Amino acid sequence: MLNRHAKIIRLIEIVGEVSGRKKLQKMVYIGKHLQMDFDERYEFHMYGPYSEELTLRVDELCNMGLLDEQMESKGAIHMYRYKLNETGRDFLRFHEVDFGRGERAIRRMNEENSRFLELVSTILYFNDLPYEEMKAKIFTFKSKQRYTEDEIRKGQEFVEELRELMKEDNNESTAM
């Protein structure tokens, strides 16, 4: 059971800090699509793919004192930051977490903002549809975000970039 928690802690350890609950949700969802070993189930929600399981796991990690959650208020908007603390680092020593050498992809995702990762995760959610249908779904379900066709193209390119990072990592591990 706690191995699932360890995967979330390890992701945060890799990047140092994740700014925003939505960003963490999207990073895990995208990682899952890249064949990283995440177990959370997702459904489509207001901000794209969402996992109630992940929300509960993160709350548990904070309540157990393994992650530090810091809330910043900017007017009516609350932003949460997640960092690993010493107790969480000690916890990881007892749980082996391997993302199939996808650490570079995790770091790369963390460089992007949550709005862009929301688009990328939505692209992946509708990935089995033909391009025009996928685009129509994004324009319909994400109309408030006002994504452009150029942004959708950049989102698809980003997915390919992440897949290449995963291949490079896998090729490096087989070359060793």
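For segment 42-55, state whether one or more residues are outside any strand (DSSP E or B), under 30 Å from E160 (Cβ atoms), modelled with pLDDT of 95 or more and of a type in the set (D, E, K, R). Show your work before the answer.
In the first step, residues of segment 42-55 are kept if they are outside any strand (DSSP E or B); the result is 42, 46-47, 51-55.
With under 30 Å from E160 (Cβ atoms) added as a condition, the list becomes 42, 46-47, 51-55.
Next cut, modelled with pLDDT of 95 or more only: 42, 51-55.
Retained after the next criterion (residues that are of a type in the set (D, E, K, R)): 52-53.
The answer is yes, given that some residue of segment 42-55 is outside any strand (DSSP E or B), under 30 Å from E160 (Cβ atoms), modelled with pLDDT of 95 or more and of a type in the set (D, E, K, R).
Do we have any residue at all in segment 57-77 that's closer than 30 Å to M134 by Cβ, open to solvent by 40 Å² or more (accessible area, probe 1.4 Å) and in a strand (DSSP E or B)?
Within segment 57-77, the first condition is being closer than 30 Å to M134 by Cβ, and the residues that meet it are 57-58, 77.
When the remaining residues are screened for being open to solvent by 40 Å² or more (accessible area, probe 1.4 Å), the result is 77.
Still in the list and also in a strand (DSSP E or B): 77.
Yes.
Consider segment 106-146. How many of its residues are part of a helix (DSSP H, G or I) and touching a Phe, Trp or Tyr at 6+ places or on another chain (Cβ under 8 Å)?
Applying the first criterion (part of a helix (DSSP H, G or I)) to segment 106-146 yields 106-110, 114-125, 131-141, 143-145.
From the residues that got through so far, the ones that are touching a Phe, Trp or Tyr at 6+ places or on another chain (Cβ under 8 Å) too are 106, 116, 118-122, 124-125, 133-134, 137-139, 141.
Residues in segment 106-146 being part of a helix (DSSP H, G or I) and touching a Phe, Trp or Tyr at 6+ places or on another chain (Cβ under 8 Å): 15 in total.
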### Summary
In segment 1-41, residues that are within 21 Å of G88 (Cα to Cα), outside any helix (DSSP H, G or I) and open to solvent by 70 Å² or more (accessible area, probe 1.4 Å) total 2
### Query
Of the residues that make up segment 59-72, is at least one closer than 29 Å to I138 by Cα and in contact with a Lys or Arg (Cβ under 9 Å, 6 or more places away or on another chain)?
no
### Residue match in segment 67-75 (condition: on the phi > 0 side of the Ramachandran plot, at pLDDT below 95 and in contact with an Asp or Glu (Cβ under 7 Å, 6 or more places away or on another chain))
no
### Task
Starting from segment 134-159, take each residue that is among the basic types (K, R) and open to solvent by 70 Å² or more (accessible area, probe 1.4 Å) and list its partners that are modelled with pLDDT of 95 or more and outside any helix (DSSP H, G or I), counting only C-beta distances under 6 angstrom and pairs at least six apart or across chains.
K137/F126
### Of all residues in segment 160-176 being modelled with pLDDT of 95 or more and touching a Lys or Arg at 6+ places or on another chain (Cβ under 9 Å), the one that is surrounded by the fewest Cβ atoms within 10 Å (Cβ to Cβ)
E161
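Suppose we keep only residues that are of a type in the set (D, E, K, R) and farther than 25 Å from E13 by Cα within segment 110-133. Which one would you say is surrounded by the most Cβ atoms within 10 Å (Cβ to Cβ)? Explain how you work it out, then say what you get.
Initially, segment 110-133 is screened for residues of a type in the set (D, E, K, R), giving 111-112, 115, 118, 128, 132-133.
Remaining after also requiring farther than 25 Å from E13 by Cα: 128, 132-133.
Values: D128: 8, E132: 8, E133: 11.
Once the filter is applied, the top-ranked residue is E133.
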### Task
State whether the residues of segment 20-39 include one that is touching a strand residue (DSSP E or B) at 6+ places or on another chain (Cβ under 6 Å), closer than 22 Å to L165 by Cα, among the aliphatic types (A, V, I, L, M) and at pLDDT 95 or above.
yes
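The values are calculated or read from the model by the stated rules, or taken from the named source; none is laboratory data. Note that the structure is predicted; figures quoted are calculated from it, not measured. Virtual Cβ from ideal backbone geometry, glycine too; neighbours counted across all protein chains shown. These area figures cover heavy atoms from the full protein model, side chains too; ligands, DNA and RNA do not enter into them. Shrake-Rupley method; radii C 1.70, N 1.55, O 1.52, S 1.80 Å.
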